[in-house]
1. Ranking request for peptides 75-88, 258-271: highest mean number of other beta-carbon atoms within 10 Å first, then the rest in descending order.
2. Evaluate the relative contact order of the range 98-278 (contact order divided by residue number), counting alpha-carbon pairs under 8 angstrom at least 6 apart; express in whole percent.
3. Please find the FRET efficiency linking SER308 to ASP54, where r is the Cβ-Cβ separation and R0 is fixed at 25 Å, and quote it to the nearest 0.05.
4. Please identify every one of the GluC sites (Glu not before Pro) in the range 98-190 that sits in a loop by DSSP and has no more than 13 other beta carbons within 10 Å of its own beta carbon.
5. What value, in deg cm²/dmol to 500, does the helix sum -39500 (n - 2.57) over DSSP H runs of n ≥ 4 give at 222 nm once divided by the residues of the chain?
6. Averaged per residue, what accessible surface does the chain expose to a 1.4 Å probe, in Å²?
7. Taking the Cα centre of the range 239-316 as origin, sum charge times position over the Cβ atoms of Lys and Arg (+1) and Asp and Glu (-1), and report the length of that vector in debye to the nearest 20.
8. How many nm separate the modelled label positions at LEU161 and ARG183, each set 7 Å beyond the Cα in the direction of the Cβ?
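The values are calculated or read from the model by the stated rules, or taken from the named source; none is laboratory data. Note that the structure is predicted; figures quoted are calculated from it, not measured. Counting neighbours? That spans all protein chains shown, and the Cβs are built from the backbone with ideal geometry, glycine included. Quick note on the areas: whole protein, heavy atoms, side chains included, nothing else; ligands and nucleic acids left out. Shrake-Rupley method; radii C 1.70, N 1.55, O 1.52, S 1.80 Å.
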Amino acid sequence: MKVVIMRELLPAGRKPLEECFEVVSLGLDASREEMLAAAAGADGLVTDLTFPVDGELLDAAGPGLKVVANFGVGYDNVDLAACAERGVTVTNTPGALTNATAELALALAMAAARDLPEAERDLREGTWQGWDPARWRGFELSGATIGVVGAGRIGGRFMDLVAGFGGERLYTARSAKPELASRHGARLVELDELLRESDLISLHLPGGPETEHLIDDRALGLVKPSAILVNTGRGTLVDSKALIRALEEDRIGAAGLDVFEGEPAFDPGFLTAPRVALAPHIGSATFRSRDEMSRIVAANVTAVLEGSPAPNPVTA
Ligand code: GLV
């Protein structure tokens, strides 16, 4: 049976696949045309968030395709209905990247709160004039009201990580999370209340049409002028132009962003806006997480192609 890795899978996942199947790996620079051609006759596809898995790709693979294993927890790049229509199982890699992503959210929160990227630039560019009582004042997280938008696995872990700061915890979620109430005294609230009350707002929602531009001009109109916004979910959650305006007009305190609309492009306004910490979508990029994600991809492909239930199926 043939498995096509549409871009790259680390050896922790590629090697076990190679032991069982014919494996073709296209590499990071594969064009859409190359992907469509290579998919022909595949039993399994290994995909990732950087390209759409749609009817066109599924049809290029043909009727033998049984599994699309998406490398990542998010799957907004996958047309689930198109996969279901063709009887193709879709899988993801939940759990493996929970710690890595929550830790990056904390790193961005702290970097944004103290404007670390800009402070470092002062040193690197040789413009530092020496210790200054007024310059480089930022925000403290101790005692902060921290709001987690989308308290799933990663949002919940983020709440654990920030426990040492004390202060109040708010969250939004589809249903109440008693464990967050008991561990952190966290309260389930409507988004608007969370935006109004929080000193730090961390977004942990999936992408897709339902969450697109959740944080827009209206939402940013509710936040405290000292609030810090962190996004390690998907770039589409935030209206970039609205956030840049809010930063430039001091209507929000700071922002820490790992994800962007239209990656790898991003709004150049983020390069000049004040008090922003930026990262190039590295939330899950730890040695441990990426190896584990790779193993999970392989386990899902192998299970489906051997006729067993996928360990990590996703459905609409
Ligand atoms: C990364 O962004 C993922 O969805 O795993």
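1. 75-88, 258-271
2. The value is 23 percent.
3. 0.40
4. GLU125, GLU140, GLU190
5. Result for the chain, helices only: -10000 deg cm²/dmol.
6. Per residue, the chain has an accessible area of 47 Å².
7. With only Lys, Arg, Asp and Glu charged at Cβ, the dipole is about 160 debye.
8. With each label point 7 Å from Cα toward Cβ, the separation is 1.3 nm.
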